[in-house]
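Working notes for the structure below.
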Amino acid sequence: MGGAEGHTRCSQMPSRPQTHRQKVPSETLQAPDFPVAEQSSPDAGRFLVAQRPMSPGELLVYESPVALGPRAACHLVCLGCHELISDEAVPRCERCWWPLCSQRCSSSLRHAEECPVLAADSQRTGQPQFFGYSSRYDIILVVRCLLLRKTNPDAWRHLLDLASHVPYRLLEDDDDHQITVDYVTQVLKVEEDAQVVHHVRDAITTNSFEWTSPSGVRLRGLYLQLARLNHSCRPSVSVSSDGKGTMFVRAARDLAGGDALTVAYTSTLHPLWERRAYTKQTHYFTCDCERCSDPTELGVHYSSLPCPECRDQFLEPTTWLGDATWECPVCGRRQEEAAIRDEVDRWMSRFDYDDTFIKSSPTAVRGILDGVQMAFHAHHYVWVMAAQAALRTLAPDHSRKAMTLKRQLWQRLLHIYSVLEPGMTRRRGVTLYHLGTVEADLTRIEKREGTLTDHFFRQELHRALQHLQEAADIMNLEPSGSHELNWLRKIQVAINVVAEELGEEPPVYISLPSEEKNGEATPMEKNGHA
């Protein structure tokens with residue numbers, strides 16, 4: 001199996017593990033000696049496992065892409081430097097007519113290799129025609145992978161060895177897939193036969209990982225070793241990238257020798273039916289990971305409605321002859337999954353644009369969340385989405401009521417995330433940062449209002465500092481050039497402020513400009529969702 005396009009293939013720990021010493025700057029990468037091995041089974045295919053016990057944060061493997069390119073559908077991107085094209089006149093390569101940011105990029109190594117192939121479309125039927133969003137970039141990474149036969153024969157052999165879902169795609173009349181294959185074979189007239197092009201396009205769709213460039217452009221790359229990472233809705237590893245597209249895989253939690261290295265091909269915050277629909281439609285398997293095979297979803301009942309008949313009971317998923325229903329294990333009350341999805345969609349439509357919470361006071365926000373909790377429950381998918389929307393609305397409100405509510409919401413979200421996506425994960429790190437800053441700000445408010453003695457003021461600040469330090473330990477694992485290091489800079493500012501209030505020397509995770517060191521860049525950042 002492999003990672004899916006569209007996501008970057010998102011417990012308690014000691015308070016200060018020395019994880020920052022495990023950073024591997026991309027400029028110092030050496031020949032790898034990875035503590036991983038490849039295994040295979042009839043059900044799971046070939047997959048990676050840990051060769052020895054691994055601790056949270058330990059590096060398992062890193063890899064650079066054998067091919068990198070734009071996402072299948074995106075705003076216009078220069079094929080030479082991968083920067084967004086801002087000129088509405090759309091400068092183009094004189095030979096192949098694909099958009100470029102300047103003619104200088106037409107001779108770049110990346111584009112020079114593909115240009116003669118793309119130029120075969122002399123009628124300009126495949127090139128993006130207008131400034132803005134285009135779905136025609138699916139072609140590019142396919143062409144770049146086909147060029148590997150000549151430019152990187154070893155990578156080409158591994159690419160051909162990846163598992164194929166082409167028969168399923170053809171049976172299901174996947175129009176996007178067929179259009180790209182027809183264009184590459186019939187218009188560009190590549191040397192490879194259609195069967196090979198089918199395989200290459202499927203390998204990209206199934207195995208590509210998304211990467212964000214230093215300038216913020218979202219791209220996708222093919223990583224042949226990371227393609228062996230199998231899926232779980234409760235992943236065992238975290239994946240991050242540096243400023244050059246190299247992917248780093250680390251243990252998210254304790255692993256034993258032989259444990260499978262798994263990532264989530266879709267968001268861990270999606271409900272059961274959405275996760276299963278994605279793996280079925282894109283990867284052609286029904287997920288039966290430890291979370292999906294547990295009717296309670298690890299005790300959280302994340303996708304389950306409460307039983308209308310039984311107190312403290314939930315409807316659990318059952319499947320009979322292909323029909324999904326949800327049933328109470330106590331009274332047998334049943335509800336069709338389609339009806340549950342309709343109810344969820346009806347509530348979710350209220351949060352699509354945060355309209356529900358616009359200009360809402362903390363009291364009104366709490367009332368809305370209480371309504372969601374009554375309709376569902378405090379760990380349900382809809383409640384989590386509502387809580388994230390509420391936090392975005394409450395972000396500019398620094399009143400005591402707002403800060404108290406924000407602290408409660410971040411605490412509950414942290415608990416839910418720790419079950420669904422445990423260990424040293426980016427989601428946990430960002431959540432701990434938000435929780436720590438809210439705790440510190442609320443403590444200052446309470447001290448200012450005279451409701452906290454000096455003893456309890458220091459005690460609460462220490463609690464906030466512990467959360468911030470744990471957040472820093474997690475985010476400090478991000479490689480150089482990663483966009484996520486911006487979070488570490490925010491966390492360091494917040495740590496500096498709290499440590500100064502406590503009269504302690506702050507641990508240093510990242511160097512800050514002098515104007516930030518004393519907290520002038522306030523740690524009370526806008527609370528977005530984690």
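The values are calculated or read from the model by the stated rules, or taken from the named source; none is laboratory data. From a predicted model like this one, the values you see are computed outputs, not experimental measurements. So basically every Cβ, Gly included, is an ideal-geometry build from the backbone, and we count neighbours across all protein chains shown. These accessible areas exclude ligands, DNA and RNA; they are computed on the full protein's heavy atoms, side chains included. Shrake-Rupley method; radii C 1.70, N 1.55, O 1.52, S 1.80 Å.
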**Message:** Could you sort the peptides 283-296, 378-391 by per-residue average Cβ neighbour count (10 Å cutoff), highest mean leading?
**Reply:** 378-391, 283-296
**Request:** Taking only protein heavy atoms into account and a 1.4 Å probe, give the accessible area per residue of the stretch 349-392 in Å².
**Result:** 45
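So with the 1.4 Å probe, I'd like the accessible area per residue for the stretch 268-309, rounded to whole Å².
Heavy-atom accessible area per residue stands at 38 Å².
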**Message:** For the stretch 134-189 and the stretch 406-475, what is the centre-to-centre distance using only Cα atoms, to the nearest Å?
**Reply:** 47
**Asked** With point charges of +1 on the Cβ of Lys and Arg and -1 on the Cβ of Asp and Glu, referenced to the Cα centre of the chain, which listed residue (Thr286, Pro317, Gln469) lies farthest in the positive direction of the dipole?
**Response** Gln469
**Request:** For the stretch 118-176, compute Rh as the Kirkwood radius over C-alpha pairs and then the Stokes-Einstein diffusion coefficient at 10 °C and 1.306 mPa s; write the answer in µm²/s, rounded to an integer.
**Result:** 113
**Request:** Kindly identify the stretch 330-376 as rounded, prolate or oblate by the Cα gyration tensor criterion: order the square roots of the eigenvalues as a ≥ b ≥ c, call it rounded if a/c is under 1.5, otherwise compare a/b with b/c, prolate if a/b is larger, else oblate.
**Result:** oblate
**Item:** Shape call, the stretch 363-521: gyration tensor on alpha carbons, a/c limit 1.5
**Value:** oblate
**Request:** Determine the shape class of the stretch 337-435: with a ≥ b ≥ c the square roots of the Cα gyration tensor eigenvalues, call it rounded for a/c under 1.5, and otherwise prolate if a/b is greater than b/c, oblate otherwise.
**Result:** oblate
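May I ask you to compute the full-extension gain from Asp323 to Ser64, defined as 0.36 nm times their residue separation minus their alpha-carbon distance, rounded to one decimal in nm?
Details: separation 259, 0.36 × 259 = 93.24 nm, distance 4.27 nm.
Gain on stretching Asp323 to Ser64: 89.0 nm.
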**Request:** Could you size up the charge dipole of the chain around its Cα centre, putting +1 on the beta carbon of Lys and Arg and -1 on that of Asp and Glu, and report it in debye to the nearest 20?
**Result:** 740
**Fill in**
Measuring from its Cα centre, the stretch 256-404 shows a charge dipole (+1 at each Lys and Arg Cβ, -1 at each Asp and Glu Cβ) which, in debye to the nearest 20, is 560
**Asked** If r is the Cβ-Cβ distance from Glu343 to Ser41 and R0 is 45 Å, what FRET efficiency results, to the nearest 0.05?
**Response** 0.75
**Request:** Would you mind computing Rg(Cα) / (2.2 N^0.38 Å) for the chain, counting N as its residues?
**Result:** 1.05
**Request:** Using a 1.4 Å probe over the heavy atoms of the protein chains, calculate the carbon and sulfur portion of the accessible area of the chain as a whole percent.
**Result:** 49
**Fill in**
With Rg from the Cα atoms and Rh as the Kirkwood inverse mean 1/r over Cα pairs, the stretch 264-414 has an Rg/Rh of 1.00
**Fill in**
Projecting the Cα atoms of Val344, Thr363, Tyr223 onto the charge dipole of the chain, where Lys and Arg contribute +1 and Asp and Glu -1 at Cβ, the residue farthest towards the positive end is Thr363
**Request:** Would you work out the charge dipole size for the stretch 60-104 about its Cα centre, treating the Cβ of every Lys and Arg as +1 and the Cβ of every Asp and Glu as -1, and quote it to the nearest 20 debye?
**Result:** 120
**Spin-label model distance (nm) - Phe34 vs Ser215, 7 Å beyond Cα toward Cβ** = 3.0
